[in-house]
Amino acid sequence: MRTDSSPGNLPAREHLPAGSAGTPVLDVVIPVYNEEKDLQPCVVRLHEHLKRTFPYAFRITVADNASTDTTPQVAARLESEIPEVRSFRLEQKGRGRALRTVWSASDAPILAYMDVDLSTDLNALLPLVAPLISGHSDLAIGSRLARSSRVVRGAKREFISRTYNLILRGSLQARFSDAQCGFKAIRRDVAQVLLPLIEDTGWFFDTEMLVLAERAGLRIHEVPVDWVDDPDSTVHIVKTATDDLKGVWRVGRALTTGSLPLDRLARPFGDDPRDRDLTDVPKGLARQLVGFCVVGVLSTLFYLLLYSGFRSFSGSQIANALALLVSAVANTAANRRLTFGVRGRGSAVRHQAQGLVVFGIGLALTSGSLAALNAATSSPAHSTELAVLIAANLAATVLRFLLFRAWVFPDRRDETAASTVVASHNPSSHNPSSPTYGTTTAAHQQHPQQLPHQQHPHTPLPQRPNATAPQAPYTNYDHSQTNEFRAGEAADRTWGDATMQLQAVRQHDHDPRDTRDAR
């Protein structure tokens, strides 16, 4: 999705080079609530698997969201015993809230999460994160519904899962196969821009994240998994399903009205440096053709109804001109929003004026066809007039699409590529009322706030340290650049929540204190 003037904020994906460094490459978050029994076996098993199979430095973060049993004590004990384990506690429930908080504060370039029951076979973890490390994809998800997946679970959960994904496909046009599998990963540069747009703090967090990422054109990699249902799961199916349906309605309405600035998530064409200077590359042609055809069919029906109505009290030329004028205004507005993804009121008058020029060309074609018909026969039948108009409108439609794409709604991102804004944690970048919203100063263009692996693209990727090597602090706080976000508010508003503060993480900001002291 794009706007008329906002370039994408995400830079081209980079392959993270291998080498030695202190920052973990992968941060695996395990959100827990009252899991005192399963937490220790889960962390120990996951840690042993990563030590044995993962070739780079890693971290395991236990995100305790308001447990009332001894889960916090178990997490603290694991943190003291295993160097790669960190614990983090929130005072409010919500899996989405826990993931948002920990992912926003993590300094690892690859962020992942999995459920504490470890229902997903851990052999899928490296295939999950490898496309993100290589720069091929932006997000990765485990899928229990892929053909090669092997799943053991009851008929009830199978039916609910498949029904839910069918609802997503039908209502939100989702193309990913499994929204709720608790086995996902995301690149940190993507998370920094995507997380502030996500409103849900519970179980719908995953779905909302995937839908927004897919609508923004980000690449989602799916990994078939082996999955065994946990019979002791504490998830309330009915309540979760109800909340998910409410979330589907909310996200669908936001996408329809264009209130989400998904253009911030746009990637430049070509992740190979040789491709980044290409200009005039068609973007989304297939999707635009489908949208234009749908709008065209509806506009033609609307036009024919108007023509039939106007024809009852006026001549064919006047009826055709009036019907074409009204339908042309509606057609331009619909194509502006639905086909070419232009949001907001900016340039709307100019677009309508250009649309009227296109309308004039269509009027010349259809009026010329009627004139030719009237010259051929003095009193043509009404059905003949309609047939001639349909043929003329088909020709005008092809020309209209070409003019819309090349002249009225051209893709302007190439023209503004030099001013592409790299995602940063400057508070003004999320505040539309700020004079610097969506822009950068000259100083910032010279020294943008980037991720550690973006600042130094040739910095080696961290290898897994020895067990005796000291670990870098989990969170590097910079209190001068603290941003506050509140789940439940639109992305373009000021965010604030007493339950969390998301800090901008920079490579050289170190706080020797334990992160729990900073809550």
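The values are calculated or read from the model by the stated rules, or taken from the named source; none is laboratory data. Remember, it's a predicted structure, so these values are computed and weren't measured experimentally. All Cβ positions, even for glycine, are placed from backbone atoms using ideal geometry, and neighbour counts span all protein chains on display. Side chains included, ligands, DNA and RNA excluded: accessible areas come from the protein's heavy atoms. Shrake-Rupley method; radii C 1.70, N 1.55, O 1.52, S 1.80 Å.
Note on Ala146 and Leu338: their simple-model spin labels are 3.4 nm apart, each label 7 Å out from Cα toward Cβ. The amide H of Leu260, built 1.01 Å from its N in the peptide plane, has no neighbour under 5 Å, considering only residues 5 or more places off or on other chains.
Simple spin-label estimate for Gln317 and Asp121 gives 7.6 nm between the two label positions (7 Å along the Cα-to-Cβ direction from each Cα). Of the accessible area of region 307-383, computed with a 1.4 Å probe over protein heavy atoms only, carbon and sulfur atoms account for 69 percent. The packing ranking of peptides 196-202, 313-319, 334-340, highest mean first, is 196-202, 334-340, 313-319, where packing means the average number of other beta carbon atoms within 10 angstrom of each residue. Using the alpha carbons alone, the radius of gyration of region 33-105 stands to its Kirkwood radius in an Rg to Rh ratio of 0.97. The slack between Ile361 and Gln173, meaning 0.36 nm per residue of separation minus the straight C-alpha distance, is 64.3 nm.
Here Leu289 and Arg45 are evaluated by their C-beta separation; at R0 = 60 Å the FRET efficiency comes out at 0.75. With a simple spin-label model that places each label point 7 Å from the Cα along the Cα-to-Cβ direction, the separation between Ala348 and Val398 comes to 3.4 nm.
Using 0.36 nm per residue and subtracting the Cα-Cα separation, the extra length available between Asn374 and Leu166 on full extension is 69.7 nm. Each principal axis of the Cα atoms in region 294-340 has its own extent, and those three values, largest first, are 36, 14, 10 angstrom. At an R0 of 45 angstrom, the distance between the Cβ atoms of Arg250 and Thr68 translates into a FRET efficiency of 0.95. The fraction of all Cα pairs in region 67-171 landing in successive 10 Å bins from 0 to the largest distance is 10, 31, 37, 20, 2, given as whole percents.
Using a cut-off of under 13 Å, list every residue of region 376-393 whose amide N is near the label point 7 Å from the Cα of Leu304 along the Cα-to-beta-carbon line. Once the point is set 7 Å along Cα→Cβ of Leu304, 383-393 turn out to lie under 13 Å by backbone N, inside region 376-393.
Just the protein heavy atoms count here, and of the accessible area of region 93-237 at 1.4 Å, carbon and sulfur take up 54 percent.
Can you give the relative contact order of region 1-150 as a percent, counting alpha carbon pairs under 8 Å and 6+ residues apart? Show your work: numbers first, answer last.
Working: 205 pairs, mean separation 45.0, N = 150.
RCO, region 1-150: 30 percent.
If we count every other residue with Cβ under 13 angstrom of Val225's Cβ, Lys/Arg +1 and Asp/Glu -1, where does the sum land? Write out the running numbers ahead of the final one.
Values: positive: Arg144, Arg147, Arg150, Arg153, Lys184; negative: Asp115, Asp121, Asp178, Glu222, Asp226, Asp229.
Taking every Cβ under 13 Å from that of Val225, the sum is -1.
For region 5-106, the solvent-accessible area with a 1.4 angstrom probe is 35 square angstrom per residue.
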